[in-house]
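Notes for the one structure printed next.
FYI, it's all coordinate maths here, none of it is from the lab. Please read these numbers as outputs of a predicted model, since none were measured by experiment. Cβ sites come from the backbone with ideal geometry, for glycine too, and all protein chains shown count toward neighbours.
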Amino acid sequence: MIEFRDVTKRFDDGTTAVNGLDLVVEAGTITVFVGPSGCGKTTSLRMVNRMIDPTSGTVLVDGEDVLGVDPPTLRRGIGYVIQQAGLFPHRTVLDNVATVPLLTGWTRRKARQRAAELLELVGLPAELGHRYPVQLSGGQQQRVGVARALAADPPVLLMDEPFSAVDPVVREGLQDELLRLQAELDKTIVFVTHDIDEAVRIGDKVAVMRTGGFLAQYAPPAELLTRPADDFVAGFVGKDRGYRSLSFVDSSGVEVAEVATVAEGSASESSPDWRLVVDADKRPQGWVAPDGSVVPGGSLYEVGASIRGALDAALSSPSGLGVVVDAGGHLAGVVTARQVLDVIESRRG
Amino acid sequence: MIFADAFAWLLDPVNWSGGKSIPVRVGIHLLYCLGAVLGASLIAVPLGLYVGHTGRGGVVLVGGSNALRALPTLGLVTFLYLIAGGGTVGVLIGLIVLAVPPILAGAYAGIQDVDRGVVDAARGMGMTGSQRLWRVEVPNALPLLVGGLRNATLQVVATASVAAYVGIETLGRPLLDGLRVLDYGQFVGGAILIAVLAVVLDVVLAGVGRLVVPAGLRLSAAPAGRTRSRRTQRGRREEPVPVESGGSTA
């Protein structure tokens, strides 16, 4: 658990970066600090491992005032991931990951063994261990950064805009990876970003901060989207928050209907209805339009995911029928937007 | 022809034996250069590392080192000869003063140029100040540090000739003698020797640089290192680095 008690940070030039922050980060959760530049999110994060010391107030990690621990000792017990990873260019990937274990006195052999395990954990092939950071892509470097932070198995992980320098597709992959790791490792993570979508996607709780170092709202993402505390939060969360809040609504009550299918590659005679093309494994491959032409399908909705996925599947489908699949990607049926909206409406009542 | 005269002088067996022969002068020249670069390194490297690491005194350092550069070496050597009464110390100090600024600049800039993110990560992972300096900053500063040493060596090799003014048998001797008696062959021959010595030392130091600069840095410095498929430390071609595919590699 990390606790901020009335923490204020004023810099020498007179700017107040953090202003009376009171906040508790629960153990085993991901808490995201989000806000525009100058809101004090990074400063708050850096006060946890004493990269910056507060002007007043107290930061506690597991009940202990961090100011009572000397910085190198404190930092070796807290994982630290930064933007663009900050890997040591002169060391191999393996030795980068082994940094903290070596600092805490492990033997080189044991530290490298641990580093190799971690590369596997973050989904990197073992042979990458002998390369140098410059030989990796941005996304791979960032994974190494995460592996390095996890090497000594610290209970707390600080992540300062770790994924903001990679392209959106890679970023999404890294976010998924982080969530998968967290499910496995159960760390207490503080994650700083300026991207509200990222915050809502990965945070168990999100702290929205406002320029001048004020905490505007501290709530689970669903609450942030449905009940923003004020106009600033509402504006920061964005225009389509109504739609995005559906990510946090489960899809129970959505009825899945059957749909006419044709096998992939079979001759397509005309028919008044849209028919779904499936392969031998019953995986959806697209649609046959009433005029007989084959068109690509929309997004797929996996049973059990949030209701946003169901609605999006229906809205993005050329036939208006959202395709539902099971966890293995096999066809389970279809839903319509009207059905999904009815479920949403009935939830409100 | 001047160059024919120069080669005649260089090849004349008379000049290759005795106390004032070419080998002896090359040896003495080298000795002064070595002493000067070593002495300057002892002063400039620690100072440059300290200022680069702490960030304190950078302005004073740059200003001071520029002021040193403005001192004319010949004047300084003559002056020190006059007040010290002996040649060796004066010449060495003069050459050290000449060699300090490039080495200082290399050490300081080398540390300063280390990526801020890398230094931040080193701190954030719990390295102490000296661990950060020796394990992260110095290895990454080596390319510029070695560059500074090479610059200093070139300057010192060229300038050690002035020692001849105060009677020391460096390769400046044939220059002075040649000028005095208008023996241009000897004059140009001496100049050629100095130039060759400078080139040889530079090549040697470049080799030392290749040995001490970490492989990961050489890779990033190579122009080919910016492309997708890169050379490994052993110089053989590796498979192209797999392109990120949205993180589903696990």
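Exposure proxy check: A:Arg171, A:Arg148 ranked by fewest other beta carbons within 10 Å?
So the ranking, lowest neighbour count to highest, is A:Arg171, A:Arg148.
Specify whether the C-alpha gyration tensor of the range A:261-348 places it in the rounded, prolate or oblate class, a ≥ b ≥ c being the square roots of the eigenvalues: rounded for a/c under 1.5, otherwise prolate if a/b is larger than b/c and oblate if not. Please list the in-between numbers first.
Numbers: a/c = 2.92, a/b = 1.63, b/c = 1.79.
Since a/c reaches 1.5 but b/c is at least a/b, the shape of the range A:261-348 is classed as oblate.
Nearest 10 degrees, 0 to 90: what angle lies between the long axis of helix B:138-159 and the longest principal axis of chain B (Cα atoms)?
Between helix and principal axis, roughly 10 degrees.
Per DSSP H run of at least 4 residues, take -39500 (n - 2.57); add these up for chain B, divide by its residues and hand me the 222 nm value, nearest 500 deg cm²/dmol.
Numbers: 11 runs with 174 residues, N = 250.
Rounded to the nearest 500, it is -23000 deg cm²/dmol.
Placing unit charges on C-beta atoms (Lys and Arg positive, Asp and Glu negative, everything else neutral), compute the dipole magnitude of the range A:1-110 about its Cα centre in debye, rounded to 20.
Dipole size: approximately 640 debye.
Summarise the partner chain shielding of B:108-120 as one whole number: the mean count of Cβ atoms from other chains within 10 Å of each residue's Cβ.
3
Rounded to whole Å and sorted largest first, what semi-axes of the equivalent ellipsoid does the C-alpha gyration tensor of chain B yield via the square root of 5 times each eigenvalue?
44, 25, 12
When 1/r is averaged over all different Cα pairs and the result inverted, which Kirkwood radius in Å belongs to the protein assembly as shown? Present the calculation step by step, with values, prior to reporting the outcome.
Details: mean 1/r = 0.0339 Å⁻¹.
Computed over Cα pairs of the protein assembly as shown, the Kirkwood hydrodynamic radius comes out at 29.5 Å.
Inside 10 Å of the C-beta atoms of A:51-62, what's the mean count of C-beta atoms belonging to other chains?
0
Give the angle, between 0 and 90 degrees and rounded to the nearest 10, that separates the Cα long axis of helix A:337-348 from the longest principal axis of the Cα atoms of chain A.
That helix lies at roughly 50 degrees to the long axis.
If the convex hull of the alpha-carbon atoms of chain A is projected onto planes in all directions, what is the mean projected area in square nanometres? Walk me through the intermediate numbers first.
On the way: hull surface 86.5 nm².
Projected over every direction and averaged, the Cα hull of chain A covers 21.6 nm².
Packing-wise, with mean Cβ within 10 Å as the measure, how do A:11-19, A:33-41 rank, highest first? Walk me through the intermediate numbers first.
Numbers: A:11-19: 13.6, A:33-41: 21.6.
Taking the mean over residues of other Cβ atoms within 10 Å, the ranking is A:33-41, A:11-19.
Rounding to the nearest 20 debye, state how big the charge dipole of the protein assembly as shown is about its Cα centre with +1 on each Lys and Arg Cβ and -1 on each Asp and Glu Cβ.
So the magnitude is around 2560 debye.
Relative to the longest principal Cα axis of chain B, at what angle does helix B:73-84 sit, 0 to 90 degrees, rounded to 10?
Between the helix axis and the principal axis of chain B, the angle is about 70 degrees.
Choose one answer from A:Glu258, A:Glu117, A:Glu223: the residue with the largest mean-square fluctuation in a GNM of chain A with alpha-carbon springs under 10 Å.
A:Glu258
Whole percent per 10 Å bin, from 0 to the bin with the longest distance: what is P(r) over all C-alpha pairs of the range B:1-134?
11, 27, 24, 20, 12, 6, 1
Listing A:Met47, B:Met1, A:Met1, A:Met209 from the residue with the fewest other Cβ atoms within 10 Å to the one with the most, what is the order?
B:Met1, A:Met1, A:Met47, A:Met209
What's the FRET efficiency of B:Tyr50 with A:Asp230 using the Cβ-Cβ distance as r and R₀ = 41 Å, to the nearest 0.05? Can you show the working numbers first?
On the way: r = 50 Å, r/R0 = 1.23.
Approximately 0.20, to the nearest 0.05.
Can you list the residues, at least 5 places off or on another chain, whose amide H is less than 5 Å from the amide H of A:Asp160, using H built in the peptide plane?
It is A:Val81, A:Ile82, A:Gln83, A:Val192, by chain and number.
If I build a Gaussian network model for chain A, linking alpha-carbon pairs within less than 10 angstrom, which residue out of A:Pro284, A:Pro54, A:Pro221 has the largest mean-square fluctuation?
Greatest mean-square fluctuation among the candidates belongs to A:Pro284.
Along the range A:62-67, what does the Karplus equation 6.51 cos²θ - 1.76 cosθ + 1.60 (θ = phi - 60°) give for ³J(HN,Hα), rounded to whole Hz, x for Gly and Pro?
Values per residue, Gly and Pro as x: 6, x, 9, 4, 5, 5 Hz.
Per residue of B:129-140, count partner chain C-beta atoms within 10 Å of its C-beta, then hand back the mean as an integer.
2
Would you mind checking which residues have amide H under 5 Å from A:Gln285's amide H? H placed 1.01 Å from N; only 5 or more apart, or other chain.
Under 5 Å from the amide H of A:Gln285: A:Val277, A:Val278, A:Asp279.
For B:Phe79 and B:Val26 in one chain, what is 0.36 nm times their gap in residues minus the Cα-Cα distance, to one decimal in nm?
Taking B:Phe79 through B:Val26 to full extension adds about 16.6 nm, to one decimal.
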